[in-house]
1. If the Cβ limit is 6 Å and pairs must be 6+ apart or interchain, which residue in region 382-403 that is of a type in the set (S, T, N, Q) pairs with which residue that is not in a loop (DSSP other than H, G, I, E, B)?
2. Can you find even one residue in region 214-226 that is part of a loop (DSSP other than H, G, I, E, B) and either among the aromatic types (Phe, Trp, Tyr) or in contact with a His (Cβ under 8 Å, 6 or more places away or on another chain) (or both)?
3. Does MET82 qualify as being modelled with pLDDT of 95 or more, open to solvent by 20 Å² or more (accessible area, probe 1.4 Å) and either closer than 18 Å to GLY270 by Cβ or among the aromatic types (Phe, Trp, Tyr) (or both)?
4. Confirm whether SER368 is of a type outside the set (D, E, K, R), open to solvent by less than 50 Å² (accessible area, probe 1.4 Å) and part of a helix (DSSP H, G or I).
5. Please state which of the following conditions ILE47 fails to meet, knowing it meets all the rest: (1) closer than 28 Å to GLU392 by Cβ; (2) open to solvent by 40 Å² or more (accessible area, probe 1.4 Å); (3) aliphatic (A, V, I, L, M).
6. Considering only region 376-398, I want to know if a residue exists there that is polar (S, T, N, Q), open to solvent by 20 Å² or more (accessible area, probe 1.4 Å), over 21 Å from SER212 (Cα atoms) and not in a helix (DSSP H, G or I).
7. Taking the stated definitions as given, is ILE34 within 30 Å of PRO400 (Cα to Cα) and either of a type in the set (A, V, I, L, M) or at pLDDT below 90 (or both)?
8. Scan the helices (runs of 4 or more DSSP H) fully inside region 263-351 and keep the ones with 3 or more residues being open to solvent by less than 20 Å² (accessible area, probe 1.4 Å).
Amino acid sequence: MDGRNSYWLPQKRGCGIRDRAFQVNYKHIFTQAIDRLHSEGRYRVFIDILRNKGAFPNARCFHGHNGPKPITVWCSNDYLAMGQHPKVVAAMEEALHDVGAGSGGTRNIGGNTHYHVDLEAELADLHGKEAALLFTSGYVSNEATLSTLAKILPGCIIFSDELNHASMIAGIRNSGCEKRVFRHNDVDHLRELLAAEDPDAPKLIAFESVYSMDGDVAPIAAICDLADEYNALTYLDEVHAVGMYGARGGGISERDDVASRLTIIEGTLGKAFGVMGGYIAADQMIVDVIRSYAPGFIFTTSLSPVLVAGVLASVRHLKQSSEEREGQQKAAATLKRLMADSGLPVMPSVTHIVPLMVGDPVKAKRISDILLAEYGAYVQPINYPTVPRGTERLRFTPGPAHSEEMMQELVSALVEIWDRLELELKKAA
């Protein structure tokens with residue numbers, strides 16, 4: 001080595017081209033990749049925080065050199081603060097002292113506990129399906145299920161909403177099947193694409209219920225109508241809706257009374273349910289196929305029974321209680337109103353998501369930094385590729401524990417920062 005910070009490719013000999021070592025500067029390539037993110041203003045910084053048990057949205061921030069300072073969290077996906085709920089914490093503590101920490105392996109080898117069996121039964125019941133299957137995350141459940149299902153169906157064509165989550169896109173890509181992308185929530189475009197294909201080809205329509213960056217909702221019933229007409233299966237990602245909508249927290253599909261029309265419903269255990277994991281719910285045969293063929297399920301250690309016990313308590317509680325959902329919806333409506341009244345560019349949203357448009361990655365990061373450093377308000381900027389370039393934003397998720405006083409203080413801080421950075425406020429009508 002010559003002492004420089006570079007990486008070397010081993011010497012090649014006898015290849016018939018040249019007989020000498022040659023250098024590829026890998027570190028330079030990696031550095032350029034990171035420098036591009038910095039230059040575009042979308043290098044991601046993870047804030048170092050600890051939540052205060054039982055006091056959400058209050059937390060402690062360790063970012064910087066001044067030690068932990070109190071902050072208010074405004075961007076958590078623990079939408080209902082169930083990760084702090086006494087029933088959830090108690091269930092996890094009880095499981096920890098009863099069975100220990102880890103699961104012991106894959107579901108096939110030591111990792112199939114009674115907690116897992118009970119939770120799958122609760123989730124199947126939540127969605128009115130015959131069976132459910134747990135995964136280690138919502139990302140894995142999407143990727144594993146979509147890639148496996150399409151491989152099982154010969155000649156399958158997947159019809160995917162253009163704003164589907166990265167995990168769904170990865171599953172579709174990894175399936176190797178044909179795909180057709182329809183314009184976001186555009187039922188007419190979906191019909192055109194379906195009508196253009198061989199009527200005998202297996203078809204699967206994959207879409208979300210609540211789209212988490214804009215806060216809009218899919219026309220589920222209309223999509224199910226098309227699925228019936230063109231003999232297609234349906235795959236609905238309810239990740240940002242389970243626990244949040246419906247009388248028992250079954251999601252938008254429960255709220256709109258269409259769950260029975262959907263082939264597969266996928267959800268997460270790490271957002272409204274407050275813990276960790278993902279799942280699908282469907283008929284017994286489909287669940288058995290995914291359980292038996294999906295590498296992302298078969299070859300990974302199962303969720304710790306401690307986590308599963310916490311989710312089990314959360315699901316059971318939210319099936320019975322609407323207090324958290326109602327409080328969250330009230331908080332979201334209040335924050336939208338306060339932002340709009342102050343002239344802040346809050347984006348239209350019919351759900352619990354409160355997106356505030358900035359339109360520039362550098363400015364979005366600057367606003368986020370000022371909020372944290374000067375006002376103790378934590379919200380992360382959302383940049384490309386999560387959202388299209390030019391639509392960078394701050395994404396707020398107020399919950400039932402965010403008071404109106406907190407919201408008024410936040411909005412006042414945002415108005416001051418908007419003025420400081422010479423950003424435009426909307427004039428009152």
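The values are calculated or read from the model by the stated rules, or taken from the named source; none is laboratory data. Everything numeric here is computed off the predicted structure, so don't read it as measured data. Glycine gets a Cβ as well: all are built from the backbone with ideal geometry, and neighbour counts include every protein chain shown. Keep in mind that these areas ignore ligands, DNA and RNA; they rest on the heavy atoms of the full protein, side chains included. Shrake-Rupley method; radii C 1.70, N 1.55, O 1.52, S 1.80 Å.
1. ASN383/PRO361
2. Yes, some residue in region 214-226 is part of a loop (DSSP other than H, G, I, E, B) and either among the aromatic types (Phe, Trp, Tyr) or in contact with a His (Cβ under 8 Å, 6 or more places away or on another chain) (or both).
3. Judged against the criteria, MET82 is not a match.
4. yes
5. (2)
6. no
7. It is false that ILE34 is within 30 Å of PRO400 (Cα to Cα) and either of a type in the set (A, V, I, L, M) or at pLDDT below 90 (or both).
8. In region 263-351, 305-320, 323-341 are the helices (runs of 4 or more DSSP H) which contain 3 or more residues that are open to solvent by less than 20 Å² (accessible area, probe 1.4 Å).
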